[in-house]
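The values are calculated or read from the model by the stated rules, or taken from the named source; none is laboratory data. Keep in mind that what you see is a predicted model, and the values were worked out from it rather than measured. Neighbour counts run over all protein chains shown; Cβ positions are idealised from the backbone, glycine included. Side chains included, ligands, DNA and RNA excluded: accessible areas come from the protein's heavy atoms. Shrake-Rupley method; radii C 1.70, N 1.55, O 1.52, S 1.80 Å.
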Amino acid sequence: DHRIEVEHSRIREEENRMNAELAALRAKKAQANNNLAGAVWENSISEEMTTVVGRYDLRIRAIQGEIERLQSERESLANSAP
């Protein structure tokens, strides 16, 4: 149970890091000038935001997989107890 809670904490930490990165990128995006160079920069930032979300999604899915493994292991142990 403790390990599972630790893994849930890791997910919250990853989500917080992702949100901080996205907030920084949104702030950059707001600075883009309303011209072609600004539009190109804004598009680049949008692509970077998509990459950030994808990276954290992979990390969070891996942690969720570990949680599922731990829960399955806990259930197996509970079912095999005399």
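Contact map, the stretch 61-79: residues that are touching a residue at least 40 places away in the same chain (Cβ under 8 Å) and of a type in the set (A, V, I, L, M, F, W, C) paired with residues that are part of a helix (DSSP H, G or I) and open to solvent by less than 40 Å² (accessible area, probe 1.4 Å), Cβ distance under 9 Å, separation 6+ or inter-chain. Pairs shown: Ile63/Glu7; Ile63/Ile11; Ile63/Glu14; Ile67/Ile4; Ile67/Glu7; Ile67/Ile11; Leu70/Ile4; Leu70/Glu7.
Residues are listed down the side, and each one gets a yes or a no for (1) open to solvent by less than 50 Å² (accessible area, probe 1.4 Å); (2) closer than 30 Å to Leu77 by Cβ; (3) charged (D, E, K, R):
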position: Arg12; (1), (2), (3): no, yes, yes
position: Arg17; (1), (2), (3): no, no, yes
position: Ala24; (1), (2), (3): no, no, no
position: Ala27; (1), (2), (3): no, no, no
position: Trp41; (1), (2), (3): no, no, no
position: Ile45; (1), (2), (3): yes, no, no
position: Asp57; (1), (2), (3): no, no, yes
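Taking the numbered list (1) modelled with pLDDT under 95; (2) surrounded by 12 or more Cβ atoms within 10 Å (Cβ to Cβ) in turn, Leu77 passes all entries but (2). The listed residues are Gln64, Gln31, and the only one of them that is within 20 Å of Ile4 (Cβ to Cβ) and either of a type in the set (Ser, Thr, Tyr) or open to solvent by 70 Å² or more (accessible area, probe 1.4 Å) (or both) turns out to be Gln64.
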